[in-house]
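**Student:** Below you'll find the structure I mean.
Rule-based calculations on the coordinates, nothing more; no lab input. Model, not experiment: these values are computed from the prediction. In this analysis, Cβ positions are derived from the backbone assuming ideal geometry, glycine residues included, and neighbour counts consider all displayed protein chains.
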Amino acid sequence: MKTIGYRLGILLLLSLLASVAASAQTDAPLERSIYLSTQKATVYALLGQISEQTGYLFIYDSGVVDNEKMVKIKGGDRSVKEAVFEIIGHREVELQWIGQHILIRKMKPVSLHLSLEQPVKPLAFFKISGKLLDKQNGLPIANATVGIRGHSMGVVTNQDGEFRLHLPDSLLHRSVYFSHLGYVGQDLEASFLSGQTSVVSLEPKVVPLQEVVVRLVHPQKILRDMIEAKVRNYASQPVYLTNFYREGVELKSKLQSLTEAVFKIYKTTSFDAYSSDQVKLLKMSRLTNYDSSDTLLAKISAGIDACLDLDLMKMMPDFLSFDQIDVPFVYSSGGIAFVDNRWVNVVHFEQRKGITYPLFCGDLYIDSENNALIEAHIELSPEYVRKATDLLVRRQSKHYKFAAQKVSYTISYKPYKGTYYIHHIRGDLKFKVRKRKFLATYADLHTWFETVTCRVETQQVERFSRVERLPMRTILSDVEFKYDEAFWGDFNVIPLETEWSRVIDQVNLKIEKSME
């Protein structure tokens with residue numbers, strides 16, 4: 001017994017010495033001296049000043065650090081650690097330096113109890129959540145990608161910059177990346193974000209003028225290179241994509257209907273536009289909030305088939321057929337940008353002067369190294385969008401008159417095991433609508449749809465049977481379905497736009513559990 005006790009004592013002592021040594025090494029950047037002037041500012045602004053001097057970005061639990069709190073500090077020199085304590089107003093936190101980040105977390109309670117019992121098996125899933133902000137102005141970054149390196153799981157931040165992911169515990173030590181067009185991407189191990197609501201900042205990417213000049217290339221050459229590289233970058237074999245989808249209708253800024261679904265998509269290769277994709281409906285939920293005086297008997301051309309048609313690299317729309325005679329588009333260079341730590345060439349296109357029917361215009365973001373299309377932001381030409389009204393409204397009541405105001409789409413691709421697949425699609429269609437024979441002011445109607453790929457499967461991929469597949473031109477809000485309470489569970493509520501990432505995350509978790 002004495003021998004066992006002696007060994008435990010030696011091990012404990014060595015552990016403490018190693019801890020002290022590691023602490024000294026870890027604390028080195030935290031002991032760096034900085035200068036802050038006498039001032040009164042928000043916590044976020046003051047932490048930003050530390051970042052400017054040190055080059056380190058802060059990540060912290062929003063339950064511990066209040067971004068908006070106004071703090072008054074005196075001018076003078078102090079260490080990074082003391083500056084953080086002074087700014088947040090207390091010392092009950094743990095500071096940890098990791099790479100280019102400083103983490104501020106709740107202080108973990110110290111336990112001196114030694115147990116020889118078997119450790120408790122960790123939970124099968126863990127959660128990371130938080131908010132993504134612009135480092136310079138503190139504003140939320142919407143539509144940014146938060147995902148796991150080397151894995152298909154990921155979400156898109158909502159309009160408030162919020163994100164949430166439930167992940168299997170096997171990914172606890174994998175790298176989580178944060179990326180958005182025009183920002184320097186960030187990577188951090190998932191374990192450092194687990195169990196807290198993190199505030200993460202991205203630094204805008206400033207492109208030096210000399211780099212822009214050197215990198216400018218003729219836009220049509222960029223597009224030709226992109227098409228030639230298609231065989232290397234996009235799927236040459238069918239795959240299954242599991243997608244979360246939702247569509248909604250808002251009238252006079254009031255939500256009229258919301259339909260959510262989980263699809264399994266049989267995705268054909270990117271080289272056969274004539275071979276149709278197939279969709280199998282797995283789960284569905286619908287909520288309507290129609291006021292009898294506001295009910296609109298109209299169906300807008302959007303939804304499932306629109307999402308499939310927006311796979312630009314498969315369908316190759318007319319603005320990518322630039323070598324045809326009398327091409328109706330004009331192409332120009334939009335310079336370069338920075339997406340997920342990679343340079344991209346930006347190609348802008350618009351319809352030629354003199355063409356008066358509605359065509360698309362927009363920007364294409366193409367990786368400067370591998371020539372893959374990463375993002376596309378397109379819309380119907382604002383000058384002629386009203387002429388497209390009859391093409392967009394499939395069915396409408398004879399009592400109403402519609403006029404299209406703005407039609408825009410965002411499409412992004414994400415690599416999985418070296419191959420790019422559709423990741424996120426968003427469509428927004430805005431109209432003015434009024435009752436016929438009435439001179440009342442037009443009301444605003446906004447219909448939208450959005451889908452995110454949650455899972456990519458490349459093995460044992462086969463077409464769905466006729467009974468399983470959903471007709472492509474199905475209007476989802478008309479589909480009869482059986483509500484699965486066990487699947488939708490505790491998020492059977494209207495998820496407002498600010499709750500987008502939360503809903504995606506919960507569906508992702510349900511998908512994982514249902515496939516165990």
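**Student:** Taking H as built 1.01 Å from N, whose amide H comes closer than 5 Å to the amide H of Lys406, not counting residues under 5 places away?
**Tutor:** Lys430
**Student:** Could you tell me which of rounded, prolate or oblate describes segment 26-106, using a ≥ b ≥ c as the square roots of the eigenvalues of the alpha-carbon gyration tensor, with rounded for a/c under 1.5 and, failing that, prolate when a/b is larger than b/c and oblate otherwise? Can you show the working numbers first?
**Tutor:** On the way: a/c = 1.58, a/b = 1.11, b/c = 1.42.
Verdict is oblate for segment 26-106.
**Student:** Further question on the same structure: Among the listed pairs Lys74/Lys135; Lys135/Lys353; Lys135/Lys283, give every one whose C-alpha distance is greater than 31 Å.
**Tutor:** Lys135/Lys353; Lys135/Lys283
**Student:** Step through the residues of segment 135-144 one at a time and calculate ³J(HN,Hα) from phi using the Karplus curve (6.51 cos²θ - 1.76 cosθ + 1.60, θ = phi - 60°), rounding each to whole Hz and writing x for Gly and Pro.
**Tutor:** 4, 7, 10, x, 7, x, 9, 8, 6, 7
**Student:** Express the relative contact order of segment 26-106 as a whole percentage, based on alpha carbon pairs under 8 Å and six or more residues apart in sequence.
**Tutor:** Numbers: 125 pairs, mean separation 33.6, N = 81.
Relative contact order, segment 26-106: 41 percent.
**Student:** Could you list the trypsin sites (Lys or Arg not before Pro) in segment 135-192 that lie in coil according to DSSP, counting only those with at most 14 other Cβ atoms within 10 Å of their Cβ? Working shown, then result.
**Tutor:** On the way: sites: Lys135, Arg149, Arg164, Arg174; in loops: Lys135, Arg149, Arg174.
Qualifying residues, ordered by number: Arg149.
**Student:** Taking amide H positions as placed in the peptide plane 1.01 Å from N, state which residues far from Ala235 in sequence (5 or more) or on other chains have amide H under 5 Å from it.
**Tutor:** Ser270, Tyr420
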